[in-house]
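Have a look at the structure below before the remarks.
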Amino acid sequence: MKIPIHFDTDRECIERALVSLALPELAVPKIVRMANTLSLDKLQVSEGYGPQVAARPDLTVSVSAHDMEFDHEGNLLPLPF
């Protein structure tokens, strides 16, 4: 029987996932966050995607880069769109 991995908060889940990637210390992770897979017209992407986004004239940056926002319990705040 396989038991899925579980973490108490979104913050812990994201931190553990990033550590598991074994990226070089200076590497910038590439993260995409979407409200749902049926609505991909607005996404949050990490700074690691900066060059790819800048190279696409069909994409628009609507909010400047900022840290992920968590509530007092360590869970992600809802997307602002």
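What the table below lists for this structure:
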{"quantity": "In region 3-27, residue farthest from LEU76 (Cα to Cα) [restricted to those that are of a type in the set (A, V, I, L, M) and surrounded by 12 or more Cβ atoms within 10 Å (Cβ to Cβ)]", "calculated": "LEU23"}
{"quantity": "Number of positions in region 70-79 that are surrounded by fewer than 10 Cβ atoms within 10 Å (Cβ to Cβ) and without any contact (Cβ under 8 Å) to a residue 60 or more places away in the chain", "calculated": "2"}
{"quantity": "Residues of region 31-70 that turn out to be under 15 Å from the mean Cα position of the chain (by Cα) and either over 24 Å from ALA17 (Cβ atoms) or polar (S, T, N, Q) (or both), as a count", "calculated": "5"}
{"quantity": "Qualifying residue in region 41-59 (condition: without any contact (Cβ under 8 Å) to a residue 24 or more places away in the chain, farther than 26 Å from HIS6 by Cα and of a type in the set (Val, Ile, Thr))", "calculated": "yes"}
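Residues checked against (1) in a loop (DSSP other than H, G, I, E, B); (2) touching a Lys or Arg at 6+ places or on another chain (Cβ under 7 Å); (3) among the acidic types (Asp, Glu):
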{"position": "LYS42", "(1), (2), (3)": "no, no, no"}
{"position": "TYR49", "(1), (2), (3)": "no, yes, no"}
{"position": "VAL53", "(1), (2), (3)": "no, no, no"}
{"position": "PRO57", "(1), (2), (3)": "yes, no, no"}
{"position": "THR60", "(1), (2), (3)": "yes, no, no"}
{"position": "SER64", "(1), (2), (3)": "yes, no, no"}
{"position": "MET68", "(1), (2), (3)": "yes, no, no"}
{"position": "GLU73", "(1), (2), (3)": "yes, no, yes"}
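No lab work stands behind these numbers, since they all come straight from the coordinates. Since this is a predicted model, take the numbers as computed values, not measurements. Cβ atoms come from the backbone with ideal geometry, glycine included; neighbour counts cover every protein chain shown.
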